[in-house]
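Chemist: Please read through the structure below; I'll follow up with questions.
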Amino acid sequence: MIEVKELKNTKEFEIFSELAEHDHEQVVFCNDSETGLKAIIGIHNTVLGPALGGTRMWNYPSDAAALNDVLRLARGMTYKASISGLNLGGGKAVILGDAAKLKSEAFLRRFGRFVESLNGKYVTAEDVNMSPEDMEYISMETRHVTGLSESIGGGGDPSPVTAYGVYVGMKACAKKVYGSDSLEGKSISVQGVGHVGMYLLGYLAKENVKLYVSDYVRERAEEAASKFGANAVGLDEVYDLDVDIYSPCALGATINNDTISRLQCQIIAGAANNQLDDESIHGEMLMKRGIAYAPDFLINAGGLINVGIDYLGGWNKERIYRKTEKIYQTTLDIFKLSEKEGIPTQNAALRIAKKRIHEVGKVKRAL
Ligand code: NAD
């Protein structure tokens, strides 16, 4: 008999209704007692091509939390790939547990075997708590891995390409709001000066702008300040600055009930994933405040373009940057649709991404 008394929230266990809610295709639960590996591979949609998305290792509070995370992230990858014009679907993998304690060669290679068993339907890459060395172990067991270090023949660090996409997306926002895509004379705050933030500052500093930076690691903010002539500000202060453009490049959910009323910018354009704390209300709130928001999954897609084309074949630097540059035009198209339909830019971007999946899907089904 199944013991259900202890289940606090039976809804958590209704896996198929979770999958049906956003139309996920497949979920693979991977278990290996020998190495202690527990992983979930989420495949959201493969209409456009193999489901690509990184592997994240995290000590989740529960299996349901891990499942929820992988489903949400896989879905995001579908739309990011679609709006970027890539022939890729959306997927993601999570490995459950403490990365510092569990990872070993056998553990990672076992995960690689699971990826290989899907025959290329899912393609993995690096994500939180996975290093280039970890990816190298995974790649010993599967061909379906991308974003490997340049030293072993991969496309290398995607951050410079991501930063370039954010930069051109920001310029498109300026075109929309100020009538010119020059950033000259604008004040811009960059929240988080890690891999992407630092490269982004390199582009911005060339445009004679006034820069503000904040970072959880104080020395990093100070390094950015001295390198690019920026002002280092406090972690919370960044939301109250009187700037033209706010660029979230640290973590998600920084656009929320608390911060929206504090922001004084006219534009938000940054690299962080899932910037809107609650998509169903915060896009609308930004629209009402007259803040032009560049949907994160579009303007931070440079990294995916880099690893995606590395996997699909035909990678060269010029091609990657040319494709990333299209983010400029797509951002303008999104503003146009948003205005025409009276919908938030996030919703307009999703509409464009879904339309491509629908149309290409029909082409693929035709004789
Ligand atoms: P990173 O870890 O190199 O940099 C993030 C920086 O943010 C770090 O310096 C960290 O100290 C800082 N930070 C953390 N919390 C902060 C806070 N509360 N306030 C200010 N700073 C804080 O990461 P990254 O590769 O530069 O990526 C930045 C963001 O962009 C992440 O959200 C990532 O998911 C997203 N992103 C990155 C890529 C890529 O190619 N690297 C692609 C798509 C999306």
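Chemist: Of everything in region 168-201, what is closer than 13 Å to A272 by Cα and not polar (S, T, N, Q)? Give them in sequence order.
Modeler: Those that are closer than 13 Å to A272 by Cα and not polar (S, T, N, Q): V190, G192, V193, G194, H195, V196, G197, L200.
Chemist: Which numbered condition in (1) within 14 Å of the ligand (Cβ to nearest atom); (2) open to solvent by 10 Å² or more (accessible area, probe 1.4 Å); (3) within 20 Å of the chain's Cα centre (by Cα) is the only one that L148 fails?
Modeler: Every condition holds for L148 apart from (1).
Chemist: Check whether at least one residue in region 205-218 is open to solvent by less than 90 Å² (accessible area, probe 1.4 Å), more than 23 Å from I299 (Cα to Cα), among the hydrophobic types (A, V, I, L, M, F, W, C) and not in a strand (DSSP E or B), and report yes or no.
Modeler: Yes; the residues of region 205-218 include at least one that is open to solvent by less than 90 Å² (accessible area, probe 1.4 Å), more than 23 Å from I299 (Cα to Cα), among the hydrophobic types (A, V, I, L, M, F, W, C) and not in a strand (DSSP E or B).
Residues checked against (1) within 17 Å of the chain's Cα centre (by Cα); (2) closer than 22 Å to K121 by Cα:
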| site | (1), (2) |
| --- | --- |
| P295 | yes, no |
| A301 | yes, yes |
| I305 | yes, yes |
| R319 | no, no |
| T331 | yes, no |
| K340 | no, no |
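Chemist: Can you pull out the helices (runs of 4 or more DSSP H) entirely within region 282-351 that have at least 3 residues that are touching a residue at least 60 places away in the same chain (Cβ under 8 Å), open to solvent by less than 10 Å² (accessible area, probe 1.4 Å) and within 15 Å of the ligand (Cβ to nearest atom)?
Modeler: 302-312, 317-341
Chemist: Given the residues L102, L88, which is the only one that is among the hydrophobic types (A, V, I, L, M, F, W, C) and open to solvent by 40 Å² or more (accessible area, probe 1.4 Å)?
Modeler: After ruling out the rest, the residue left standing is L102.
Chemist: Could you tell me whether K354 is under 16 Å from G90 (Cα atoms), touching a residue at least 40 places away in the same chain (Cβ under 8 Å), out of contact with any Cys (no Cβ under 6 Å at 6 or more places or on another chain) and among the basic types (K, R)?
Modeler: yes
Chemist: Which is near the ligand (Cβ under 9 Å from one of its atoms), in a loop (DSSP other than H, G, I, E, B) and surrounded by 15 or more Cβ atoms within 10 Å (Cβ to Cβ), of V193, V238?
Modeler: V193
Chemist: Determine if region 65-73 includes at least one residue that is surrounded by fewer than 17 Cβ atoms within 10 Å (Cβ to Cβ), free of Cβ contacts under 8 Å to residues at least 12 places away in the same chain and not basic (K, R).
Modeler: yes
Chemist: A further question follows. Can you name the condition, by its number, that S117 falls short on among (1) within 25 Å of T78 (Cβ to Cβ); (2) within 14 Å of the ligand (Cβ to nearest atom)?
Modeler: (2) is the only condition that S117 fails.
Chemist: Taking region 257-273 on its own, how many of its residues are within 13 Å of the ligand (Cβ to nearest atom) and open to solvent by less than 70 Å² (accessible area, probe 1.4 Å)?
Modeler: So the answer is 5.
Chemist: Residues of region 169-184 being open to solvent by 40 Å² or more (accessible area, probe 1.4 Å) and out of contact with any strand residue (DSSP E or B) (no Cβ under 8 Å at 6 or more places or on another chain), which ones?
Modeler: Answer for region 169-184, where residues must be open to solvent by 40 Å² or more (accessible area, probe 1.4 Å) and out of contact with any strand residue (DSSP E or B) (no Cβ under 8 Å at 6 or more places or on another chain): K175, Y178, G179, S180, D181, S182, E184.
Chemist: Just to be sure before I move on: is F114 in a helix (DSSP H, G or I), aromatic (F, W, Y), modelled with pLDDT of 95 or more and open to solvent by 30 Å² or more (accessible area, probe 1.4 Å) in the structure I sent?
Modeler: The answer is yes for F114.
Chemist: Any chance region 52-61 includes a residue that's part of a helix (DSSP H, G or I) and either at pLDDT 95 or above or on the phi > 0 side of the Ramachandran plot (or both)?
Modeler: Scanning region 52-61 turns up no residue that is part of a helix (DSSP H, G or I) and either at pLDDT 95 or above or on the phi > 0 side of the Ramachandran plot (or both).
Chemist: Within region 151-177, can you find the residues that are more than 30 Å from G112 (Cα to Cα) and either without any contact (Cβ under 8 Å) to a residue 24 or more places away in the chain or within 16 Å of the ligand (Cβ to nearest atom) (or both)?
Modeler: Listed by number, the residues that qualify are Y164, G165, V166, Y167, V168, G169, M170.
The values are calculated or read from the model by the stated rules, or taken from the named source; none is laboratory data. Everything numeric here is computed off the predicted structure, so don't read it as measured data. Cβ: placed from backbone, ideal geometry, glycine included. Neighbour counts: every protein chain shown. Please note that ligands, DNA and RNA were not included when accessible areas were found on the heavy atoms of the full protein model with its side chains. Shrake-Rupley method; radii C 1.70, N 1.55, O 1.52, S 1.80 Å.
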